[in-house]
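The values are calculated or read from the model by the stated rules, or taken from the named source; none is laboratory data. Fair warning: this is a prediction, and the values are worked out from it, not measured in the lab. Positions of Cβ are backbone-derived with ideal geometry, glycine not excepted, and every protein chain shown enters the neighbour counts. SASA here: full protein model, heavy atoms, side chains in, ligands and nucleic acids out. Shrake-Rupley method; radii C 1.70, N 1.55, O 1.52, S 1.80 Å.
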Amino acid sequence: MADRKPKVIGFVCERHGMEAAVLSARTGKQHDASVRLVEVPCTGRVDGIHLLKAFEDGADAVFVFGCLEKNCYYDTGSIEGRKRVGYVKQTLEEAGIEKERIEMFNAASTNAWMFPQAVEKMVAVAKKLGPIEKGGETQ
């Protein structure tokens, strides 16, 4: 199972986050195509239950990619998103799962280089830690 592709899920805001991803692709910056993106209106709308459900459904790593905290279209959406990621980190740790499996990234729509960098980081984390067993421990 050494050649197993890790399952990474990214929740990406439809404004700055997705625009950075699109601009990244247009400028030729590649990211791992196996990473699944879920476009959301705002990272503040991503509830902790959505993030935990991604792990329950087999994700090895999850990330949230949104606007800069001082430049969020919905004012505090990125701040709320960061709080929820923090909550899930704590929940994972309490369950005996590495908290590094989830991360929050913020970027302006013009920061195309940040999107593939975030994806690369989370794919590396997923490869390093491997899949999560049903009992909460890593395989």
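Tell me whether the stretch 87-105 contains one or more residues that are more than 25 Å from Pro131 (Cα to Cα) and surrounded by 23 or more Cβ atoms within 10 Å (Cβ to Cβ).
Taking the stretch 87-105 and keeping what is more than 25 Å from Pro131 (Cα to Cα), we get none.
No; the residues of the stretch 87-105 include none that is more than 25 Å from Pro131 (Cα to Cα) and surrounded by 23 or more Cβ atoms within 10 Å (Cβ to Cβ).
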Taking interchain pairs and intrachain pairs at least six residues apart, which have beta carbon atoms under 7 angstrom, with the first residue in the stretch 108-119 and in contact (Cβ under 8 Å) with a residue 60 or more places away in the chain and the second among the polar types (S, T, N, Q) and not in a helix (DSSP H, G or I)? Ala112/Thr27; Pro116/Gln30
I need the helices (runs of 4 or more DSSP H) fully contained in the stretch 15-118, keeping only those with at least 3 residues that are modelled with pLDDT of 95 or more. 48-56, 77-94
Report every pair of residues separated by at least 6 positions or lying on different chains whose Cβ atoms are under 9 Å apart, first residue within the stretch 40-64 and under 9 Å from Ile9 (Cβ atoms) and touching a residue at least 24 places away in the same chain (Cβ under 8 Å), second of a type in the set (Asp, Glu) and open to solvent by 60 Å² or more (accessible area, probe 1.4 Å). Ala61/Glu100
Before we move on, is Thr43 touching a helix residue (DSSP H, G or I) at 6+ places or on another chain (Cβ under 8 Å) and surrounded by fewer than 22 Cβ atoms within 10 Å (Cβ to Cβ)? no
I need the full set of residues from the stretch 119-139 which are modelled with pLDDT of 90 or more, part of a loop (DSSP other than H, G, I, E, B) and open to solvent by less than 20 Å² (accessible area, probe 1.4 Å), in order please. Gly130
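Any idea which of Glu69, Glu103 is among the charged types (D, E, K, R), in contact with a strand residue (DSSP E or B) (Cβ under 8 Å, 6 or more places away or on another chain) and within 21 Å of Glu120 (Cβ to Cβ)?
Glu103
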Only one of (1) under 19 Å from Glu19 (Cα atoms); (2) within 16 Å of the chain's Cα centre (by Cα) fails for Tyr87. Which number is that? (1)
